[in-house]
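Some notes on the structure that comes next.
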Amino acid sequence: MNPGFIRSSILCLLMTVFLCPNTSESQCSIPWLDNCIDQVNVCGLTDINGIPCTIIPYANTSNCNQVCGKPADNIMWLCFLSNGGQITVQMTVSNCTVNGTGLEMGIGNNCCSSLACQTTCSGPGVYTMTATLPACKFTFLYIDGCAGDVCDFVITASGPGALGPQIPFLEPIKGNQNVCKGACAQKYSIVQGTTCRSIQKKWTLDGLVVGGNSKDVILNFPEEGDFELCATTTMKGGGSMNVCDQVLTECITIQVRKPTALVGPDRYLCPEQVPFYWLNTWIYEEGIYSAEYQVGGCCYYDSVVQFNFLLAPKNDYVYFIGCDTTDFYEDAKTKQKFNTCQLFQEITLSKSSSPFRCDSSYFLTAVFLDYRYKMDEICRDSLVLIANLENHTKSCLIDSFKSIVKYHWYLKSDSTRKLISADTFLNIKASGNYCVDMIVSSKLENQNKTCVYTLCRNININSYLPPTICPIGSQGGHPFFDPYTIDLNQLPTDAKEHRWRVEGGVIKTAGQGNDSTEVLIEWDPTAREGVVCYRYRNACFESEECCETVRLISSVSENSISELISLRPNPFSDEIILSTKQDLGIQQILVSDQWGRIVWRISEPRLSSNLLIRIPTANFQPGVYFLYGDSDQGRWVKRMVKMK
């Protein structure tokens, strides 16, 4: 028997008598209504197929006064739900009793609207209309008598839209039925065969509600066990009459298990990694360890690992010598730089050893040479360049650190750098640009380093040569004595080693006048010409010799002049008085000691009115002295003695 017919029959018993025609006449069991309300009377029009009915015989326009644009007369409604889709409704009309014009019909989604109409009104016969219905929406089939006609009719509906709403599962619940302990964010889904929006969904896990009104549910499984997951779908249809109510449940069993313990590869720990924190466990000793852990915060696993401890890598020793603080030591891995003295400084190298990438280290001992150097010029009987190399190196008290220094002098213009001296100094004889390489060879344990410090100096030898100075004295001599001197204003302050040379006479000054700026020369009375020469040294070089030629002439005898000159007293003490009997035209008078050193002189003396010249001698030392005179009459000499 048609289940829809059964439901309709039950509903008909609940309706008022005038809504259901006399079953003895028409046997109508369809719950037609004479007012339009959202109350489902049948679940799908197929529920009324083939059931004969008669339209109500009285005027009724309580909800609508028009049908498909035409005035309504004795209209009645049937509210139903559809699964959605195309529907074809066929109405067979018979036994019309009022005016024979028949019946008209329509389908709408509310009381007065029209999705399809059949308003031919041609009396008894078969009439058809077609429409496309929405799913799970209140839909109304209404019948109206043409001009109030009363007729029998039978409805036959076909097509998907004629069926009631269906909620079958197209597939079982989708999702992983075997999961690990601690599994999280596991997704489970159902696929339904309807688009009805009035369907309610509920998810339960072992009877506990875990989700609702969604085709998906996301679950976590923190514990082991077997769990039943069910998806229940409920469709409420027809309001309080529940004509279309449906409930569908689908279940699966989910097994939650901890995976088999995972045995990991042996672990090797570097010394700097111990103690090691592993899965909430501190590893202090070698051995096999087991611990539970979660992967990504979800699945739990038992992990089993053998831990082995590695020995610390053997430390190496590195030695370095830098030529100066700019020649720094840089570790290739850490990029650490050092330019100060280091004594077994430990340098840690992170993850540098193979094959386990443990930290290693080495001890650095470094010495950075600190030589302060300059070039000095000194005159030491010649021009000397001296390379001054002062060692200020801090050796960190490393006994094994040794250094030796060598010097290599050469001319800068010499591309071959030919050695001209290996001493710390170089005697300069000519102008040039002189260079010295100060070569420091150092040794620190197994390290050898050669550092070269170079200095150059451009020397102009002419700037060091002393100027030539010529002797000053008489240009015409005679067999007596002549004093010669030099211009002291021309003499450099560093002058020394005065040297005199005479031709045609002898130097009477002690020591041949060496180291004296003045000499007394006794000319040879037989020579016609004499030469007096002078040279000296400064701190660096000897000057060129300067010579003056002296024309020697015969002189008046000593006796003839001596008769005209008198000296008193002799021996003398504090003063010598020189007097002449006549004006001799005295040009110069000088006094020398017994070694030829001139101790007093006067040029162009002015005699007093009585022709006297006073010579002060208080500062003279006791001894023999010679008084020399130069006059128009010739030259003369007197021997005198100072007593104590």
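Read-outs: derived from the displayed coordinates by stated rules, not from any lab. Since we're looking at a predicted model, the values are computed, not measured. With ideal geometry, Cβ positions are generated from the backbone for all residues, glycine too; neighbour counts draw on all protein chains shown.
Can you figure out the FRET efficiency of ASN110 with THR234, using R₀ = 25 Å and their beta-carbon distance, to the nearest 0.05? Provide the component values of the computation, followed by the final result.
On the way: r = 26 Å, r/R0 = 1.03.
Once rounded, the FRET efficiency stands at 0.45.
Given R₀ = 41 Å, what would the calculated FRET efficiency be for SER158 paired with SER214, taking r from the Cβ atoms and rounding to 0.05?
The calculated FRET efficiency here is 0.70.
Among (i) -0.81, -0.95, -1.16; (ii) -0.47, -0.81, -1.58; (iii) -0.68, -1.09, -1.36, which is the computed log10 I(q)/I(0) by the Debye sum over Cα atoms at q = 0.07, 0.09, 0.12 Å⁻¹?
Read-out taken from this structure: (i).
Calculate, in nm to one decimal, what SER352 and ASN619 gain on full extension: separation in residues at 0.36 nm each, minus their alpha carbon distance.
Working: separation 267, 0.36 × 267 = 96.12 nm, distance 9.43 nm.
Result for the pair: 86.7 nm of gain on full extension.
When the helix-only estimate is applied to the chain (DSSP H runs of n ≥ 4, each -39,500 (n - 2.57), divided by the residue count), what is the mean residue ellipticity at 222 nm, nearest 500 deg cm²/dmol?
Details: 2 runs with 17 residues, N = 644.
So the helix-based figure for the chain works out to -500 deg cm²/dmol.
Take LYS374 and SER431, extend 7 Å from each Cα along the Cα→Cβ direction, and tell me the distance between the two endpoints in nm.
2.7 nm
Which peptide among 265-273, 481-489 comes first, and what is the full order, when sorted by highest mean count of other Cβ atoms within 10 Å? Don't skip to the end; give the middle numbers.
Details: 265-273: 14.1, 481-489: 17.9.
The peptides rank, most packed first, as 481-489, 265-273.
If I take R0 = 35 Å and measure r between the Cβ atoms of GLU529 and LEU488 in this structure, what FRET efficiency does the formula 1/(1 + (r/R0)^6) give, to the nearest 0.05? Before the final figure, lay out each step's value.
Numbers: r = 28 Å, r/R0 = 0.79.
About 0.80, to the nearest 0.05.
Could you tell me which of rounded, prolate or oblate describes segment 243-357, using a ≥ b ≥ c as the square roots of the eigenvalues of the alpha-carbon gyration tensor, with rounded for a/c under 1.5 and, failing that, prolate when a/b is larger than b/c and oblate otherwise? Before the final figure, lay out each step's value.
Details: a/c = 5.88, a/b = 2.76, b/c = 2.13.
Here segment 243-357 falls in the prolate category.
How much length, in nm to one decimal, is gained on full extension between GLN594 and GLU390, taken as 0.36 nm per residue of separation minus their Cα-Cα distance? Spell out each step's value before the answer.
Working: separation 204, 0.36 × 204 = 73.44 nm, distance 5.39 nm.
Gain in length upon complete extension: 68.0 nm.
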